[in-house]
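One structure follows; several queries about it will come next.
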Amino acid sequence: MEFLQEYAMFLAKGLTIVLMALVVLGALAAASQRNRGRGEEQLNVKHLNQRYRNMERALRLRVLGWRALRQHTKEYQRQRKRAAKAHPEEQTRVYVLRFHGDIRATRVDNLREEISAILTLARPGTDKVVVCLESGGGVVPSYGLAAAQLARLRDAGLEVTAAVDRVAASGGYLMAAVAHRITAAPFAVVGSIGVVAQIPNINRLLKRHDVDIELLTAGQHKRTLTILGKNTPEGRAKFQEELEETHGLFKAYLQRFRPQLDLERLATGEHWYGEQALELQLVDELRTSDDLLMALSREYELYEVTFNRRQPMSRRIGIAFQEAVDRLLQR
């Protein structure tokens, strides 16, 4: 009898697990079907005030009880109505963007779409943008484009704030500098105003194995340094000259947006932590992005805008691999 009871319990547990698995698979299939119906591209807008409000309500209910929550809700609704009547059309909206950059700044395509969407509705001189930025920099053209996308917001008459919690270095700082104001956490890494390039050369290894490399070019400086061929002093000098020119463009771009920087002192490729960066005027305030957004939510309506483009599996694997490599290189 006991054996039958145990067997019945085992069977019931097994059926429960199977049913749960079927429910999960069904939900995933439904979500996948919904995504197919939405197409390859999707713009998402999240009302952050409501998120903070829900957090507050949950905590207030748990700590103070239902009666206190109800009373607070009524007062909150009265305040909102008074504010809406006082400024029906002029209430400032804050649009929130998040940019997590890898070496190739692969999110720049999403960023350009998010900014284009904001510019369709944002009101010059009234609305603001906060960019939560995290990047250690990378390829010059990609980060130059990302900075130029943020410059579109400034050019449209919107006040832009860059919020750095962990790192905005090199190309990441190039982006942050476009903002009217930069906030940083006390130990965020900031700066690294410089240009670096490294190229392996296996010419001697090939020579030892009797492998010849022929490099043909049309144009004196079509190729300066190579991986396989023999590098020349003239090629190295030209390559160094190109790095210096890129560094000069980097400094000129920073000077345009942050003329207060002492670039003779700061454009050495060094990085600083938030506390030091504040003293050097690389940033304007020590503050986490969470604290900044919560403070803004008490005065303005906050909308987080994200653009998603569904990538093919091969592309997603490639991006994941690149991000893993980036993390290893930045350690």
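A short reminder: the numbers here are calculations on the coordinates, not readings from a lab. The structure presented is a predicted model; accordingly, all values stated were derived computationally and were not measured. Glycine also receives a Cβ, built like all others from the backbone with ideal geometry; neighbour counts cover every protein chain displayed.
Enumerate the amide H contacts of G138 below 5 Å, restricted to partners 5 or more residues apart or on another chain; note that Pro and chain-start residues carry no placed amide H.
G171, G172
First measure r as the distance between the Cβ atoms of Q50 and K207, then evaluate 1/(1 + (r/R0)^6) with R0 = 51 Å and state the FRET efficiency to the nearest 0.05.
Computed FRET efficiency for Q50 and K207 comes out at 0.15.
If eta is 0.890 mPa s and T is 25 °C, what Stokes-Einstein diffusion coefficient results for region 194-261, Kirkwood Rh from Cα pairs, in µm²/s? Don't skip to the end; give the middle numbers.
On the way: Rh = 14.3 Å.
The calculation lands on 171 µm²/s.
Related question: Compute the distance in nm between two label points, each set 7 Å from the Cα along the Cα-to-Cβ direction, one at R265 and one at L119.
Computed distance between label sites R265 and L119 equals 3.6 nm.
Here's something else I'd like to know. Working from the alpha-carbon coordinates of region 98-170, get Rg over Rh, Rh being the Kirkwood radius.
Details: Rg = 12.1 Å, Rh = 12.5 Å.
Radius of gyration over Kirkwood radius for region 98-170 works out to 0.96.
Would you check region 142-278 for Lys pairs whose C-alpha atoms are within less than 18 Å, ignoring same-chain pairs closer than 8 in sequence, and give me the count?
Details: K207/K230; K222/K230; K222/K238; K230/K238.
So the count works out to 4.
Please state, to two decimals, what the Cα-based radius of gyration of region 115-249 comes to when divided by 2.2 N^0.38 Å (N = residues).
Computed over Cα atoms of region 115-249, the ratio equals 1.47.
Further question: Roughly what % of Cα-Cα distances in region 232-293 sit above 20 Å, to the whole percent? Display every interim value, and only then the final one.
Details: 861 of 1891 pairs.
Tail of the P(r) past 20 Å holds 46 percent of the pairs.
Assigning unit charges at the beta carbon (Lys, Arg +1; Asp, Glu -1) and nothing else, what dipole magnitude in debye, to the nearest 20, does region 194-261 show about its Cα centre?
The dipole of region 194-261 has a size of about 200 debye.
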